[in-house]
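Quick notes on the structure that follows.
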Amino acid sequence: MRIGIDLGGSHIGVGLIDNGEILYKVEKDLQEDEKGTLKIIDLIKKILKTIIEQNELKKGKLDVIGIACPGVVENGIVRKSENLNIPEIDFKKELENDFKGIKIIVRNDTKCAALAEKEYGILKEYSNCAMLTIGTGIGGAIFYKGNLLEGRNSSAYELGHIIINKNGKKCSCGAKGCFEAYASIGSLKEEISNALKLDKRINGIDLVELIKKSDKNDISYKIFEEYIDNLCVGIASICNIFEPEAIALGGSIVYYKDLILEKLENKLKNSEYVFNKKELPKILMAKLNNDAGMIGATIL
Ligand SMILES: [Zn+2]
């Protein structure tokens, strides 16, 4: 048995997993006062102990605890996880005393989601493929000949920070003109709510409805067309470098499936952005959604 933890900016999900299947799950929204290094570690220990107790997992039955975490992960140490209020955290060191004999893995959350989609989900049949998690930001992962590519020290392949406009919009990473600043669902939400003077907390479902109802002369329609174009520019760069057979899109973009997929595929085909048009990838929507992070966290 394995336990996978998906640690997000506002939510934690912990699952007891056997062969990719979730047998038992605990989910909890994170309040502001529950964030910060010590509090997060205490909370994780408490949830882990409860799961072990309630499922009567005797010594030796649990062999892996995996953690999917936003931010940069370098040699198992999480750095730069700003939305968790964690400057740096070594989960392995923090947990190994309480959970002796259990292998502890820490990985970037998009890489975990990608591993889950590759092993059990929509990317199963493809050996050269990519995954983009598109929500508040954009995370990326690349598989080459079946293997997840990793950087020298860090998880790397931060596809959301490909620069698509050298003097462009400021990105959360500090740079200007990143793909994420133009093609995340966060940026789409911001553009439309600014233009229409809407509440910035507008939820995804309402935004999808608003775009669906808009016609060619509406500002929201124009913003959305521009959004698709930016999405296409970033994806084209990924195609030009890696020539993937398929690209899976996960994160809150899955709610926009009907609005995005066809337009994006047409644009990729008909634009001048892609160098080798004979090898255009299939664009797919992720299958495992919210469970992908915790499942992928436990894959060795
Ligand atoms: Zn950036």
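In segment 157-171, the residue that is nearest to the chain's Cα centre (by Cα) out of those that are more than 8 Å from the ligand (Cβ to nearest atom), over 14 Å from GLY140 (Cα atoms) and assigned to a loop (DSSP other than H, G, I, E, B) is ILE164. Taking segment 123-156 as the range and being part of a loop (DSSP other than H, G, I, E, B) and within 10 Å of the ligand (Cβ to nearest atom) as the test, only GLY137 passes.
Just one of (1) within 15 Å of the ligand (Cβ to nearest atom); (2) farther than 22 Å from ILE228 by Cβ; (3) basic (Lys, Arg) fails for ARG201. It is (1). The set of residues in segment 233-249 that are over 22 Å from GLY177 (Cα atoms) and touching a Ser or Thr at 6+ places or on another chain (Cβ under 8 Å) contains only GLU245. Filtering GLY15, GLY36, GLY101 for residues that are within 29 Å of GLY151 (Cβ to Cβ) and either modelled with pLDDT of 90 or more or buried (at least 17 other Cβ atoms within 10 Å of the Cβ) (or both) leaves a single hit, GLY15.
Hey, can you tell me all the residues within segment 275-300 that are part of a helix (DSSP H, G or I), of a type outside the set (D, E, K, R) and surrounded by fewer than 22 Cβ atoms within 10 Å (Cβ to Cβ)? ASN289, ASN290, listed by residue number.
Checking each residue in segment 172-183 for being in contact with a helix residue (DSSP H, G or I) (Cβ under 9 Å, 6 or more places away or on another chain), within 9 Å of the ligand (Cβ to nearest atom) and not charged (D, E, K, R) picks out SER172, CYS173, ALA175, CYS178, PHE179, ALA181. Contact map, segment 241-260: residues that are under 15 Å from LEU148 (Cα atoms) paired with residues that are of a type in the set (Gly, Ala, Ser) and surrounded by 19 or more Cβ atoms within 10 Å (Cβ to Cβ), Cβ distance under 6 Å, separation 6+ or inter-chain. Pairs shown: PRO244/ALA130; ILE247/ALA130; ALA248/ALA286.
The values are calculated or read from the model by the stated rules, or taken from the named source; none is laboratory data. Please read these numbers as outputs of a predicted model, since none were measured by experiment. No Cβ is skipped: glycine too gets one built from the backbone with ideal geometry, and neighbour counts run over all protein chains shown.
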